[in-house]
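Read through the structure below, which is laid out as structure tokens, and then see the notes.
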Amino acid sequence: MLCLLLSIFLFESCKKTEPAIETSYADIVTEGQMDAELTAPPLVPKPVYGRKAMKLKVNMEIKEQEGTMTDGVKYTYWTFGGSVPGSFIRTRVGDEVEFHLKNHPDNKLPHNIDLHAVTGPGGGASSSLVAPGHEKTFNFKVINPGLYVYHCATAPVGMHIANGMYGLILVEPEGGLPPVDKEYYVMQGDFYTQGEYGAKGLQAFDMNKAVKETPDYVVFNGKVGSLTNGGELTAKVGETVRLFVGNGGPNLVSSFHVIGEIFDSVHVEGGSTINKNVQTTLIPAGGAAIVDFKVETPGTFILVDHSIFRAFNKGALGMLKVEGKENTSVYSGTIQEGIYLPEGGTIQKMPGSTAAKTPTPKRTVEEKIKIGKAIFSTTCFACHQSEGQGIPNAFPPLAKSDYLNADSKRAINTILHGLSGEVTVNGKKYNSVMPSQNLSDDEIANVLTYIYNSWGNNKTEVTPEMIKALR
Ligand SMILES: [Cu+2]
């Protein structure tokens with residue numbers, strides 16, 4: 001009897017706690033109306049908390065505008081709301097969205113919008129095609145909670161997306177997502193330019209590279225360095241951080257990772273499945289993820305696409321700066337600001353160059369500069385940056401570097417044997433590791449001569465003999 005009672009009790013309680021598998025939000029009646037708050041990345045609008053489903057007016061303006069891809073490189077972006085990714089839209093399940101899509105009169109092309117949060121043909125694209133100087137209005141009800149991508153779907157679709165026409169729309173569940181201390185908006189995209197990475201000037205879109213899926217740039221929030229150099233995300237030790245991460249593509253899948261952090265929870269693919277304790281989460285092109293973690297230790301945590309050449313050579317690198325008291329029970333090392341040592345913490349040799357054995361021809365200063373520049377832009381620029389300006393707190397400058405100009409032997413040793421420990425360059429302290437560079441005497445002489453003869457340095461000419469003497 002007891003057994004029977006118990007099993008009935010268990011069965012009943014089971015029925016109560018198990019949420020209904022399919023809740024239909026299509027029938028929720030909305031109460032009241034408001035204008036949606038829209039934000040440019042990395043900011044997100046205020047959470048919905050416990051508010052009721054409402055009628056939400058979204059006013060989105062499309063702008064085709066020139067912007068900066070990286071230092072000295074311009075690109076004509078096509079944007080939803082003036083930013084790449086476009087404005088973040090925050091709704092709750094059951095909201096009725098009245099979407100006003102405006103195409104600025106100065107624009108050259110028609111555009112539309114396909115929101116993955118829409119249940120209906122084309123996700124809104126078929127009702128939203130809008131010519132420059134016009135506005136289209138359409139309505140939809142968000143009936144599935146999750147984080148969704150929106151994008152332009154005007155032909156050629158790939159080109160509109162490649163030019164930056166994507167963003168995120170969040171549909172919060174009933175009662176809202178659990179509150180956290182900091183929320184940010186980060187979206188990856190790949191870009192295809194006529195010139196190589198770093199080639200100066202206004203760069204046109206390259207359709208061939210896009211079709212081949214060989215981007216010159218893979219970036220967060222529309223440009224190289226959007227989340228570094230003063231754009232870092234910030235948090236304090238002990239806070240919980242939530243990243244709304246999207247991937248606009250058009251082509252690449254992102255292996256999203258934060259160096260030095262473990263995601264406590266991930267809404268996989270932006271949906272309702274929560275995975276715990278995740279190192280790297282895969283974000284498909286046209287997909288998203290909600291990533292939550294608590295920051296326990298201070299320092300700089302680096303956001304990357306862990307397809308790692310994209311991070312160090314194509315721009316997919318951002319930073320989260322965490323300030324506060326050290327927490328030695330969690331992490332007891334010296335905190336190194338803003339660096340990542342993929343080869344481990346010690347100085348190592350790069351494998352493979354046999355160039356050291358070949359005889360060295362005599363070269364003029366001009367020849368050295370020319371060859372040195374090519375070496376610089378394949379070997380050194382990823383850390384020291386294209387104009388030798390470095391990255392604050394991470395990589396010291398080579399431009400007008402007092403450290404470099406004071407002592408050429410020391411500079412040669414840095415390249416031959418690597419450099420670690422604290423150094424002061426132009427009054428700023430750096431404390432990290434430069435791996436030794438496996439270059440021949442000739443190559444080192446060329447690259448150093450190039451550096452010494454660039455960016456306001458003292459024009460020293462370095463010879464292979466000087467290198468040989470210090471090997
Ligand atoms: Cu478009």
Evaluation of residue 151 against (1) more than 15 Å from the ligand (Cβ to nearest atom); (2) under 22 Å from the mean Cα position of the chain (by Cα); (3) assigned by the TED database to the domain that holds residue 56 (one fails), failing number = (1)
Among the residues of the range 356-410, which ones are modelled with pLDDT under 80, surrounded by 13 or more Cβ atoms within 10 Å (Cβ to Cβ), more than 36 Å from the chain's Cα centre (by Cα) and not in a loop (DSSP other than H, G, I, E, B)?
-> 356
Among 109, 56, which is under 28 Å from the mean Cα position of the chain (by Cα) and either open to solvent by less than 50 Å² (accessible area, probe 1.4 Å) or modelled with pLDDT of 90 or more (or both)?
-> 109
Residue 413: surrounded by 16 or more Cβ atoms within 10 Å (Cβ to Cβ) and in a loop (DSSP other than H, G, I, E, B), yes or no?
-> no
Could you say whether any residue in the range 438-451 is at pLDDT below 90, under 30 Å from the mean Cα position of the chain (by Cα) and of a type in the set (Val, Ile, Thr)?
-> no
Residue 134 open to solvent by 60 Å² or more (accessible area, probe 1.4 Å) and either in contact with a Gly (Cβ under 7 Å, 6 or more places away or on another chain) or aliphatic (A, V, I, L, M) (or both) | no
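Residues are listed down the side, and each one gets a yes or a no for (1) out of contact with any Pro (no Cβ under 7 Å at 6 or more places or on another chain); (2) within 14 Å of the ligand (Cβ to nearest atom); (3) open to solvent by 50 Å² or more (accessible area, probe 1.4 Å); (4) in the same structural domain as residue 290 (by the TED database):
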residue	(1), (2), (3), (4)
138	yes, no, no, no
144	yes, no, yes, no
156	yes, yes, yes, no
165	yes, yes, no, no
In the range 209-232, anything closer than 16 Å to residue 83 by Cβ and open to solvent by less than 10 Å² (accessible area, probe 1.4 Å) is listed as 219, 220, 222, 227
Only one residue in 201, 189, 246, 231 is within 16 Å of the ligand (Cβ to nearest atom), touching a residue at least 60 places away in the same chain (Cβ under 8 Å) and not assigned by the TED database to the domain that holds residue 385. Which one?
-> 189
Among (1) modelled with pLDDT under 95; (2) part of a loop (DSSP other than H, G, I, E, B), which single condition is residue 272 missing?
-> (1)
Just need a number here: residues in the range 98-150 that are touching a residue at least 40 places away in the same chain (Cβ under 8 Å) and of a type in the set (Val, Ile, Thr).
-> 5
Given the conditions (1) over 17 Å from the mean Cα position of the chain (by Cα); (2) under 15 Å from residue 189 (Cβ atoms), and given that residue 66 satisfies all but one, which numbered condition is not satisfied?
-> (2)
Enumeration of residues in the range 112-128 that are surrounded by fewer than 18 Cβ atoms within 10 Å (Cβ to Cβ) and either within 14 Å of the ligand (Cβ to nearest atom) or of a type in the set (Ser, Thr, Tyr) (or both) = 119, 122, 126
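Residues checked against (1) more than 16 Å from the ligand (Cβ to nearest atom); (2) assigned to a strand (DSSP E or B); (3) in contact with a strand residue (DSSP E or B) (Cβ under 9 Å, 6 or more places away or on another chain):
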| site | (1), (2), (3) |
| --- | --- |
| 41 | yes, no, yes |
| 47 | yes, no, yes |
| 60 | no, yes, yes |
| 69 | yes, yes, yes |
| 85 | no, no, yes |
| 105 | no, no, no |
| 108 | no, no, yes |
Does residue 218 satisfy being in a strand (DSSP E or B) and within 15 Å of the chain's Cα centre (by Cα)?
-> yes
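The values are calculated or read from the model by the stated rules, or taken from the named source; none is laboratory data. Everything quoted here is computed from the prediction, not taken from an experiment. Using ideal geometry, Cβ is built from the backbone for each residue, glycine included, and neighbour counts are taken over all protein chains shown. For accessibility, only protein heavy atoms count, side chains too; no ligands or nucleic acids. Shrake-Rupley method; radii C 1.70, N 1.55, O 1.52, S 1.80 Å.
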